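Student: Pasting in a structure now, in structure tokens, and then I'll have a few things to ask.
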Amino acid sequence: MPHDPRTGFDLAETDRLLTTTKQVRQRLDLTRAVPHDVLLECIEVAGHAPMGGNLERNRWMIIDDPATKAAIATRFAEVGRPYLASNAELRVDQRSQHVIDSATFLVDHLAEVPALVLSLRLDRAPLHLSQGQAAAYYGSVLPGVWSFQLAARARGIGSAWTTFHLEHEAEIAELLGIPPTVTQVCLLAVGYYTGDSFTPAPRRPAQEITFLNRWKQPVV
Ligand SMILES: Cc1cc2nc3c(=O)[nH]c(=O)nc-3n(C[C@H](O)[C@H](O)[C@H](O)COP(=O)(O)O)c2cc1C
């Protein structure tokens, strides 16, 4: 695939980044620190993701203090361990089996992960969100999280998107000095990855999941 003549983008490289940025857990190098300036670069890139009204109500926190990571890891395991153990029925095929094994590894090792990166939003969602409000609320933060993961991947840094600890959001907020007016959106486990043999996961073809003009009408 050539460079796009108008944009100059190397399409093969761009698509390789987009299709091989995986959730990395077992291949995080637990022995190598991730410099703050590299994480800030990724956050800088992530700041260009779309946000409703361009309001920039997103915030980030890098957590690499060992005692703080250990306290978060305890809360994470309290939710993650029983969830993963009780969801044996999710092990429907080899791939889902691998995700559960990988997630279990992270539960066991979260405290050793070099950096935890917390994505935050500066306000609380209204108590009863309509579908549209929920879409706009989380949709104004989550694209940036994915951009962070892409920027990190290009720099040799893997990350894993997690939400287990959010069941204990208030306790974690207190631990980190986060005011109750702020929402935690997700926690990325971040570290340099070992090896570089990430391959695209099997996904349904676009043709199968896309309709033209009318529900279920195929694109021809
Ligand atoms: C909203 C959301 C929440 C997730 N929560 C967790 C989590 O708490 N723990 C975990 O190990 N993985 C979590 N994951 C990752 C998924 O379980 C799964 O590994 C991932 O979607 C597979 O992506 P991959 O093809 O990039 O590996 C979460 C992903 C998303 C998008």
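The values are calculated or read from the model by the stated rules, or taken from the named source; none is laboratory data. Computed from a predicted model, the values in this text were never measured in an experiment. Quick reminder, even Gly has a Cβ in these numbers, built from the backbone with ideal geometry, and neighbours come from all protein chains shown. Accessible surface areas use protein heavy atoms only, side chains included; no ligands, DNA or RNA. Shrake-Rupley method; radii C 1.70, N 1.55, O 1.52, S 1.80 Å.
Student: Working only within region 139-166, note down all residues that are within 23 Å of I100 (Cα to Cα) and away from the ligand (no atom under 12 Å from the Cβ).
Tutor: Residue satisfying the conditions is I157 alone.
Student: Still on this model: In region 104-138, how many residues are open to solvent by 60 Å² or more (accessible area, probe 1.4 Å), more than 13 Å from the ligand (Cβ to nearest atom) and closer than 23 Å to V34 by Cβ?
Tutor: Count: 1.
Student: If we keep just the residues of region 62-85 that are under 17 Å from the mean Cα position of the chain (by Cα) and touching a residue at least 60 places away in the same chain (Cβ under 8 Å), which is farthest from E174 (Cα to Cα)?
Tutor: G80
Student: Do any residues in region 115-139 that are among the hydroxyl-bearing types (S, T, Y) have Cβ atoms under 9 Å from those of residues that are assigned to a loop (DSSP other than H, G, I, E, B), where the two are at least six apart or on different chains, and which pairs are they?
Tutor: Within 9 Å, the pairs are S119/V141; Y137/D123; Y137/A125; Y137/P126; Y137/L129; Y138/A125.
Student: Can you tell me which of E174, E169 is over 17 Å from K22 (Cα atoms), away from the ligand (no atom under 14 Å from the Cβ) and either open to solvent by 20 Å² or more (accessible area, probe 1.4 Å) or within 17 Å of the chain's Cα centre (by Cα) (or both)?
Tutor: Details: E169 fails: away from the ligand (no atom under 14 Å from the Cβ).
Unique residue meeting the criteria: E174.
Student: So, one more: Return yes when Q184 is farther than 25 Å from S96 by Cβ and either open to solvent by 60 Å² or more (accessible area, probe 1.4 Å) or touching a residue at least 40 places away in the same chain (Cβ under 8 Å) (or both) and no when it is not.
Tutor: When the stated conditions are applied, Q184 passes them.
Student: If you don't mind, another one. Of the residues P66, P5, which is out of contact with any helix residue (DSSP H, G or I) (no Cβ under 6 Å at 6 or more places or on another chain), modelled with pLDDT under 95 and away from the ligand (no atom under 15 Å from the Cβ)? Talk me through it step by step, then tell me what you get.
Tutor: On the way: P66 fails: modelled with pLDDT under 95.
Of the residues listed, the single one that is out of contact with any helix residue (DSSP H, G or I) (no Cβ under 6 Å at 6 or more places or on another chain), modelled with pLDDT under 95 and away from the ligand (no atom under 15 Å from the Cβ) is P5.
Student: Here is a follow-up. Out of D101, D93, I need the residue that is at negative phi, away from the ligand (no atom under 12 Å from the Cβ) and open to solvent by 20 Å² or more (accessible area, probe 1.4 Å). Which one? Before the answer, list the steps.
Tutor: Numbers: D101 fails: away from the ligand (no atom under 12 Å from the Cβ).
Testing whether each residue is at negative phi, away from the ligand (no atom under 12 Å from the Cβ) and open to solvent by 20 Å² or more (accessible area, probe 1.4 Å) leaves just D93.
Student: Moving on to the next point. Restricting to region 199-219, name every residue that is assigned to a loop (DSSP other than H, G, I, E, B), modelled with pLDDT of 95 or more and among the hydrophobic types (A, V, I, L, M, F, W, C).
Tutor: Of everything in region 199-219, those that are assigned to a loop (DSSP other than H, G, I, E, B), modelled with pLDDT of 95 or more and among the hydrophobic types (A, V, I, L, M, F, W, C) turn out to be L212, W215, V219.
Student: Pairs please, first residue from region 13-36 and on the phi < 0 side of the Ramachandran plot and of a type in the set (S, T, Y), second anywhere and assigned to a loop (DSSP other than H, G, I, E, B) and surrounded by fewer than 16 Cβ atoms within 10 Å (Cβ to Cβ), Cβ atoms under 8 Å, 6+ apart in sequence or on different chains.
Tutor: If the second residue must be assigned to a loop (DSSP other than H, G, I, E, B) and surrounded by fewer than 16 Cβ atoms within 10 Å (Cβ to Cβ), the pairs left are T19/P200; T20/T199; T20/P200.
Student: So which of P205, P200 ends up being out of contact with any Lys or Arg (no Cβ under 8 Å at 6 or more places or on another chain) and near the ligand (Cβ under 10 Å from one of its atoms)?
Tutor: On the way: P205 fails: near the ligand (Cβ under 10 Å from one of its atoms).
Testing whether each residue is out of contact with any Lys or Arg (no Cβ under 8 Å at 6 or more places or on another chain) and near the ligand (Cβ under 10 Å from one of its atoms) leaves just P200.
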